[in-house]
Amino acid sequence: MIGVGQAFPAFELQGVNEDNEITTINSWDLTGWTVIYFYPKDFTFICPTEIADFDHLVNDETMIHQPSGGEMTRTSVIGISGDNEFCKQAWRNVNGMIREIDHPLCADSGLYLGEELGIINEAEGVHYRATYILDEEGIIQHMSVNALDTGRNATEIGRTLEALRAGGLTGCNWQPGDTFVA
């Protein structure tokens, strides 16, 4: 399994953008800190709740980051499952929870990226619910993997992202603006 401190693999995937248009999304276009999350399948029950929740990281003003002397950047968020881009487009058209999301959903058709990362549930033939936070260099700074039946909390992922970007020792309940552990 590829993990913390390692480079996230390069990828080029078909998917749908925030306008629900089919497009190519690739790793070399990522800028700034990035959250990449994998989910098992389109047209399911837990997945749209997570996708809608992760979308808050895109537009949350607290997720805008300005490195020392750099430009303000939004957090990039990408959702990935093994279903193809046409399935994603159709799902967004019919599911009100994800119709208006502002981040791309990508197709890891064939599960190649998931296999490289080591996050495939072989028995079900799908991705586990895996979450990665990448720094500006594409290095994994956080990863977590959930069972198929357990949804994630994007608020905690956002808090973890902010703690990682803070550049100090952050306690378990640290929030932006809190002091560092001495």
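The values are calculated or read from the model by the stated rules, or taken from the named source; none is laboratory data. Not measured: the values here are computed from a predicted model. Reconstructed Cβ throughout: ideal geometry from the backbone, glycine too, with neighbour counts over all protein chains shown.
Looking at region 90-116 only, could you name the residues that are more than 14 Å from Thr44 (Cβ to Cβ) and in contact with a Gly (Cβ under 9 Å, 6 or more places away or on another chain)?
Once the filter is applied, which keeps residues that are more than 14 Å from Thr44 (Cβ to Cβ) and in contact with a Gly (Cβ under 9 Å, 6 or more places away or on another chain), region 90-116 yields Ile101, His103, Pro104, Cys106, Ala107, Asp108, Ser109, Gly110, Leu111, Gly114.
Could you please let me know if Glu50 is surrounded by 21 or more Cβ atoms within 10 Å (Cβ to Cβ), closer than 18 Å to Met143 by Cα and at pLDDT 95 or above?
Yes, satisfied.
Among the residues of region 56-72, write down those that are out of contact with any helix residue (DSSP H, G or I) (no Cβ under 8 Å at 6 or more places or on another chain) and at pLDDT 65 or above.
Within region 56-72, Val58, Asn59 meet the criteria.
Of the numbered conditions (1) of a type in the set (Lys, Arg); (2) at pLDDT below 95; (3) crowded, with 21+ Cβ neighbours inside 10 Å, Lys88 fails exactly one; give the number of that condition.
All conditions pass for Lys88, except number (2).
Which residue pairs have Cβ atoms closer than 8 Å, lie 6 or more positions apart in sequence or on different chains, and pair a first residue in region 157-182 that is without any contact (Cβ under 8 Å) to a residue 40 or more places away in the chain and of a type outside the set (A, V, I, L, M, F, W, C) with a second residue that is outside any helix (DSSP H, G or I) and buried (at least 18 other Cβ atoms within 10 Å of the Cβ)?
Here the result reads Arg159/Trp174; Thr160/Ile133; Asp178/Thr170, each pair linking region 157-182 to a residue that is outside any helix (DSSP H, G or I) and buried (at least 18 other Cβ atoms within 10 Å of the Cβ).
Could you list, in sequence order, all residues of region 7-64 that are in a loop (DSSP other than H, G, I, E, B) and farther than 26 Å from Glu122 by Cα?
Matches in region 7-64: Asn17, Glu18, Asp19, Asn20, Glu21, Leu30, Thr31, Gly32, Trp33, Asp60, Ile64.
Give, as residue ranges, the strands (runs of 3 or more DSSP E) completely inside region 72-182 that count at least 1 residues that are charged (D, E, K, R).
129-134
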